[in-house]
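The values are calculated or read from the model by the stated rules, or taken from the named source; none is laboratory data. A quick note: this is a predicted structure, and the numbers were derived from the prediction, not measured. FYI the Cβ positions are ideal-geometry reconstructions off the backbone, even for glycines, and counts take in every protein chain you see.
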Amino acid sequence: MEWLEDLPTVEVINLKMIELYPQFTTQFSHLQKGYEKMWEYLTMEEFRKIVDEINKDAKDPSKFSELNNDAVVREGSSLSEQEKSFIKKRKQLQKPLFAKLIGVHADNIDERDIPVVGLACSGGGYRAMIGLTGYLSAMKNSGVLDCTMYFAGISGSCWTMALYYNQLTQSSPQKLKQHIKSHVNTHWANMSNFINLLTRSPENSKLLMQGAIQRFYQQNGDISLVDIFGVLMGQTLLTKKRDTLPSEKSGQDVTSKSQRSEVGEFEPRDMYLTGQAHYLKDGLEPMPIYSVVRHDITLGKTFENRIDEIKRKLVDTSRPTEIADLETKKKEIENQQKDAYQWFEFTPYDVGCEEMEAWVPMWAFGRKFEAGKNLERLPEQTLDILIGMFGSAFAASLVHFYKEIRSFLPTGSLAKIDETITRYEASMLSYHPISPSSFANPFYGISKTFTMNDGKVAERPKAIIDSKELYLMDAGMDNNIPFYPLLREGRDVDIILAVDLSADIQTSTHFDRAESYVKRRNITGWPTGAGWPKDNSEEKYPLGTCTIFEAETAEQVKDQSNSKSLKKERPITLAYFPFIVNKAYDPDFDPQEAEFCKTWNFVYTPEQVEKVTGLAEANWTDNLEKIKSILKKTWERKRNQRLENESV
């Protein structure tokens with residue numbers, strides 16, 4: 001193949017990898033050895049008994065209540081009933097808090113006028129996870145987090161979310177910071193910690209390995225590297241502090257439940273995404289939205305290949321007159337190429353894709369479906385497996401990267417990965433997606449078309465509804481800031497707080513991709529032109545630590561009851577927080593340049609955690625008055641618009 005000639009040599013890749021991340025090859029070498037150690041343990045007779053117990057529990061409705069229920073695909077653009085109920089309760093809770101924040105009496109606040117605020121947080125490995133923790137702490141202290149409706153994340157931010165809505169931290173940013181500080185001083189690939197935790201008690205073994213065993217049978221006797229990563233990330237982040245007990249120091253067994261709880265037991269509820277609904281009851285916290293994408297393999301072909309295919313078809317079918325329309329075809333393909341990703345969202349309530357208008361309950365994801373109904377009853381997919389999919393930071397986003405780390409991977413897992421790489425090679429070379437996770441496709445065999453709210457009939461991607469498998473990956477492959485879920489109809493977000501913890505903040509295409517999306521989806525109100533200045537600037541960071549982008553849009557909507565025109569205005573205000581140096585905090589610390597803040601670093605000292613969270617807190621606090629101003633301005637606009645329409 002001609003493209004092989006363009007690939008860099010292994011030697012060049014080696015040198016580049018060592019330059020970018022000196023510990024990379026060493027850590028993956030440890031992972032390979034640890035992987036082998038783990039499977040040695042899994043083949044022991046004692047563990048086989050645990051596997052039998054896991055499989056037995058998976059059929060027991062008293063262990064998993066979802067086994068009592070069948071699931072069906074819900075079609076349509078409307079929000080789930082659970083989310084609608086949450087919104088109502090959240091607004092009731094927000095009324096006095098919002099009034100206090102903007103400095104007015106609660107009696108002057110109508111819940112309909114409270115701005116709907118969405119927090120959109122980027123990926124970026126541990127830098128994103130830790131930095132976001134600092135922003136959450138400052139947001140909570142300022143009162144703005146209590147006035148936020150949605151909390152959307154990608155990749156590393158999803159790890160923060162998984163910990164925030166968890167008994168380990170109880171939605172406390174301070175507890176979250178302390179938890180992270182005590183857990184990120186050991187690399188997730190350190191298998192000795194995992195083996196120790198795994199062998200601590202049968203209860204631990206079952207909780208830690210349930211997701212992996214479930215995936216093993218779902219994938220016909222195989223576990224992907226993404227799944228293994230998820231399990232290892234789960235034991236790294238989703239466990240209690242691993243204190244060494246006196247009995248351990250003396251070589252004695254740890255047997256009491258109280259002792260075991262100090263070294264790693266976790267709440268069973270916290271191992272499932274639906275368990276996070278506990279922290280949303282009565283509208284107590286923002287609703288989490290975890291974002292992933294599916295990459296359209298057909299659209300993943302290069303532009304040139306697709307044009308050549310069209311030319312051949314026109315010639316082969318003797319339709320030369322249509323060759324004149326080739327320029328039109330080229331424009332169509334260019335637009336399609338930009339639309340090569342479908343965004344899927346995971347919430348404690350459901351899983352689905354707004355562009356397909358199809359949804360299933362969160363507890364049913366992982367089951368086999370056909371024509372909108374599940375074919376089996378299985379327990380809910382575990383959270384550790386999901387966080388592996390949400391943020392597969394262990395593998396780079398380039399096919400070249402995979403070819404390099406391949407030599408460090410266990411030979412037993414190569415066949416499945418190689419098959420996936422081969423299947424996705426064209427798209428990987430074009431768009432650089434990571435190796436995807438594969439799950440049973442809940443949308444297999446559903447109707448090919450659906451009717452949108454405007455009456456137009458839209459087609460669902462044939463590649464999705466015709467496939468029994470659904471391949472999902474880190475949403476950062478398309479856009480590293482999750483704007484799209486917050487733009488969904490029915491959520492009606494007025495203000496987006498975009499926390500950009502990316503490594504390439506000034507060169508990435510976050511805003512261009514978002515603007516292309518809103519045009520494609522006919523979404524009004526987006527602040528056109530938002531983003532970093534296109535022209536060269538002498539300043540290192542011309543936007544600073546927070547920039548407000550506002551949009552103005554209004555349309556007249558005719559009221560059918562009295563033929564009067566009502567004003568409908570829904571501009572979106574974007575507050576952009578790039579994670580950059582704050583000279584007043586520490587002029588020598590820039591997370592865009594600091595070596596320990598590199599995306600591929602998975603070990604932080606307590607001092608480094610403090611440094612990162614402290615910078616995030618400073619960047620938020622310095623701009624708090626800006627945020628209060630746009631909140632009050634948006635409230636006044638919505639109130640005035642409502643009163644004006646009521647008078648009509």
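Can you name the condition, by its number, that residue 98 falls short on among (1) part of a loop (DSSP other than H, G, I, E, B); (2) touching a Cys at 6+ places or on another chain (Cβ under 6 Å)?
Here residue 98 clears every test but (1).
Which of the residues that make up segment 607-648 are β-branched (Val, Ile, Thr) and within 22 Å of residue 115 (Cα to Cα)? It would help to see each step written out before you state the result.
Narrowing segment 607-648 to residues β-branched (Val, Ile, Thr): 609, 612-613, 621, 627, 630, 634, 648.
If the condition is that a residue be β-branched (Val, Ile, Thr) and within 22 Å of residue 115 (Cα to Cα), then 621, 627, 630, 634 are the ones that fit.
Might you check whether a residue that is at pLDDT 85 or above, closer than 28 Å to residue 603 by Cα and not assigned by TED's automatic domain parsing to the domain that holds residue 136 occurs anywhere in segment 238-249?
From segment 238-249, those at pLDDT 85 or above are 238-239; that's our starting set.
Okay, now just the ones that are also closer than 28 Å to residue 603 by Cα, so 238-239.
Filter again for not assigned by TED's automatic domain parsing to the domain that holds residue 136, leaving 238-239.
Within segment 238-249, one or more residues are at pLDDT 85 or above, closer than 28 Å to residue 603 by Cα and not assigned by TED's automatic domain parsing to the domain that holds residue 136.
Is there a residue in segment 467-474 that is in a loop (DSSP other than H, G, I, E, B) and surrounded by fewer than 20 Cβ atoms within 10 Å (Cβ to Cβ)?
Keep residues of segment 467-474 that are in a loop (DSSP other than H, G, I, E, B), which gives 467-468.
Then keep just the ones that are surrounded by fewer than 20 Cβ atoms within 10 Å (Cβ to Cβ); that gives 467-468.
Yes, because at least one residue in segment 467-474 is in a loop (DSSP other than H, G, I, E, B) and surrounded by fewer than 20 Cβ atoms within 10 Å (Cβ to Cβ).
Only one of 492, 512 is outside any helix (DSSP H, G or I), assigned by TED's automatic domain parsing to the domain that holds residue 144, acidic (Asp, Glu) and at pLDDT 90 or above; which? Steps first, answer last, please.
On the way: 512 fails: outside any helix (DSSP H, G or I).
Going through 492, 512 in turn, just one is outside any helix (DSSP H, G or I), assigned by TED's automatic domain parsing to the domain that holds residue 144, acidic (Asp, Glu) and at pLDDT 90 or above: 492.
Residues in segment 102-112: is at least one in contact (Cβ under 8 Å) with a residue 60 or more places away in the chain and either within 30 Å of residue 477 (Cβ to Cβ) or not assigned by TED's automatic domain parsing to the domain that holds residue 503 (or both)?
No, that holds for no residue.
Which ones in segment 554-585 are at pLDDT below 60 and not in a strand (DSSP E or B)? Spell out the reasoning first.
Narrowing segment 554-585 to residues at pLDDT below 60: 554-567.
Correct list: 554, 559, 560, 561, 562, 563, 564.
For residue 162, state whether it is farther than 26 Å from residue 481 by Cα and buried (at least 20 other Cβ atoms within 10 Å of the Cβ). Spell out the reasoning first.
On the way: farther than 26 Å from residue 481 by Cα: no; buried (at least 20 other Cβ atoms within 10 Å of the Cβ): yes.
For residue 162, the condition - farther than 26 Å from residue 481 by Cα and buried (at least 20 other Cβ atoms within 10 Å of the Cβ) - is not met.
Checking residue 494 against (1) crowded, with 18+ Cβ neighbours inside 10 Å; (2) out of contact with any helix residue (DSSP H, G or I) (no Cβ under 9 Å at 6 or more places or on another chain); (3) under 30 Å from residue 111 (Cβ atoms); (4) of a type outside the set (Phe, Trp, Tyr), only one condition comes out false. Which one?
(2)
Which of the residues belonging to segment 612-639 are of a type in the set (S, T, N, Q) and in a helix (DSSP H, G or I)?
Restricting attention to segment 612-639, the residues satisfying the condition of being of a type in the set (S, T, N, Q) are 613, 619, 621, 623, 629, 634.
Result: 613, 619, 621, 629, 634.
Looking at the structure I just gave you, is residue 637 assigned by TED's automatic domain parsing to the domain that holds residue 510, crowded, with 17+ Cβ neighbours inside 10 Å, touching a residue at least 40 places away in the same chain (Cβ under 8 Å) and out of contact with any Leu (no Cβ under 9 Å at 6 or more places or on another chain)?
Details: assigned by TED's automatic domain parsing to the domain that holds residue 510: yes; crowded, with 17+ Cβ neighbours inside 10 Å: yes; touching a residue at least 40 places away in the same chain (Cβ under 8 Å): yes; out of contact with any Leu (no Cβ under 9 Å at 6 or more places or on another chain): yes.
It is true that residue 637 is assigned by TED's automatic domain parsing to the domain that holds residue 510, crowded, with 17+ Cβ neighbours inside 10 Å, touching a residue at least 40 places away in the same chain (Cβ under 8 Å) and out of contact with any Leu (no Cβ under 9 Å at 6 or more places or on another chain).
Only residues that are within 22 Å of residue 552 (Cα to Cα) and either touching a strand residue (DSSP E or B) at 6+ places or on another chain (Cβ under 7 Å) or not assigned by TED's automatic domain parsing to the domain that holds residue 157 (or both): list them for segment 595-630, please.
Residues of segment 595-630 that are within 22 Å of residue 552 (Cα to Cα), as a first pass: 625-630.
Result: 626, 627, 630.
Say we look at segment 206-227 and pick out the residues that are hydrophobic (A, V, I, L, M, F, W, C) and assigned to a helix (DSSP H, G or I); which of these is surrounded by the fewest Cβ atoms within 10 Å (Cβ to Cβ)? Show your work before the answer.
First, the residues of segment 206-227 that are hydrophobic (A, V, I, L, M, F, W, C): 207-209, 212-213, 216, 223, 225-226.
Subset that is assigned to a helix (DSSP H, G or I): 207-209, 212-213, 216, 225-226.
On the way: 207: 26, 208: 25, 209: 23, 212: 21, 213: 20, 216: 17, 225: 24, 226: 24.
Taking the candidates together, the pick is 216.
Considering segment 116-140 alone, what residues qualify as being touching a residue at least 60 places away in the same chain (Cβ under 8 Å), more than 19 Å from the chain's Cα centre (by Cα) and surrounded by fewer than 24 Cβ atoms within 10 Å (Cβ to Cβ)? Step through it out loud before you land on a result.
Looking only at segment 116-140, we keep the residues that are touching a residue at least 60 places away in the same chain (Cβ under 8 Å), and these are 116-128, 130-135, 137-139.
Keeping just the survivors that are more than 19 Å from the chain's Cα centre (by Cα) gives 116, 137-139.
Within segment 116-140, 116, 137, 138 meet the criteria.
Could you list all residues from segment 531-553 that are within 13 Å of residue 577 (Cβ to Cβ), part of a loop (DSSP other than H, G, I, E, B) and touching a residue at least 40 places away in the same chain (Cβ under 8 Å)?
Selection gives 541, 545, 546.
Residues that are at pLDDT 60 or above and more than 17 Å from the chain's Cα centre (by Cα): find the helices (runs of 4 or more DSSP H) completely inside segment 341-440 holding 2 or more of those. Before the answer, list the steps.
Details: elements: 383-390, 399-405, 414-431.
Ranges flagged: 414-431.
Given the structure, is residue 85 under 20 Å from residue 274 (Cα atoms) and surrounded by fewer than 22 Cβ atoms within 10 Å (Cβ to Cβ)? Step through it out loud before you land on a result.
Details: under 20 Å from residue 274 (Cα atoms): yes; surrounded by fewer than 22 Cβ atoms within 10 Å (Cβ to Cβ): yes.
Considered against the rule, which asks whether it is under 20 Å from residue 274 (Cα atoms) and surrounded by fewer than 22 Cβ atoms within 10 Å (Cβ to Cβ), residue 85 comes out as yes.
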